[in-house]
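S.K.: Got a structure for you, written out below as structure tokens; questions coming shortly.
The values are calculated or read from the model by the stated rules, or taken from the named source; none is laboratory data. Predicted, not measured: the structure shown is a model, and the values here were computed from it. Note that each Cβ is placed from the backbone with ideal geometry, even for glycine, and that neighbours are counted across all protein chains shown.
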Amino acid sequence: MKKILRWLIVFPVGAILVLFLIANRTPIALSLDPLSTTAPAIATPALPLWFWLMLALLTGFLLGAAGMWVSDRELRIRAKADRLELREMKKAAAAKPAPTQPDDSTMATP
């Protein structure tokens, strides 16, 4: 059921995105100069609008992923310490001899 619902959402959103990108293929130059609109001192080369949109989405995705990775640093450190502690505990348990079970035949019955 989850797969069907996922495809009912992912397919239409993907189709709308593709249609939007195809419809916006006119080359534009992005101006980074807020003072001059006619002859900007800092401008990008004229590329299709879909390129700039995808670049913005990709940049946002990568910055978000990097932010999550940095924020999870403490969890990774704690997980590594837990793995090392577990490894040491396993080594200690393997080195310690196993306790012997008392034999039922040698036990006295009252």
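S.K.: Give the number of residues within segment 50-90 that are within 30 Å of Asn24 (Cβ to Cβ) and polar (S, T, N, Q).
M.R.: Number of matching residues: 1.
S.K.: Does Leu47 qualify as being in contact with a Pro (Cβ under 9 Å, 6 or more places away or on another chain), in contact (Cβ under 8 Å) with a residue 12 or more places away in the chain and surrounded by 10 or more Cβ atoms within 10 Å (Cβ to Cβ)?
M.R.: Against the criterion (in contact with a Pro (Cβ under 9 Å, 6 or more places away or on another chain), in contact (Cβ under 8 Å) with a residue 12 or more places away in the chain and surrounded by 10 or more Cβ atoms within 10 Å (Cβ to Cβ)), Leu47 qualifies.
S.K.: Need pairs with beta-carbon distance below 6 Å; first residue under 16 Å from Phe51 (Cα atoms) and within segment 1-23, second of a type in the set (Phe, Trp, Tyr) and part of a helix (DSSP H, G or I); sequence gap 6+ or separate chains.
M.R.: These pairs meet every condition: Leu21/Trp50.
S.K.: Here is a follow-up. Would you tally the residues in segment 60-98 being more than 14 Å from the chain's Cα centre (by Cα) and β-branched (Val, Ile, Thr)?
M.R.: Residues meeting the conditions: 1.
S.K.: Can I ask one more? Got a number for residues in segment 64-82 being surrounded by 10 or more Cβ atoms within 10 Å (Cβ to Cβ) and assigned to a helix (DSSP H, G or I)?
M.R.: 12
S.K.: Just one of (1) exposed (fewer than 10 other Cβ atoms within 10 Å of the Cβ); (2) assigned to a helix (DSSP H, G or I) trips up Thr38, so point out which.
M.R.: Looking at each condition in turn, Thr38 falls short on (2).
S.K.: Tally up the residues in segment 4-35 that are assigned to a strand (DSSP E or B) and out of contact with any strand residue (DSSP E or B) (no Cβ under 7 Å at 6 or more places or on another chain), please. Before you say what the answer is, go through the steps one by one.
M.R.: The first filter runs over segment 4-35 and keeps only residues assigned to a strand (DSSP E or B), leaving 27-28, 31.
Add one more test, that the residue is out of contact with any strand residue (DSSP E or B) (no Cβ under 7 Å at 6 or more places or on another chain), and what stays is 28.
Residues meeting the conditions: 1.
S.K.: Out of (1) at pLDDT 85 or above; (2) within 30 Å of the chain's Cα centre (by Cα), the odd one out for Lys2 is which?
M.R.: So Lys2 meets the others, but not (1).
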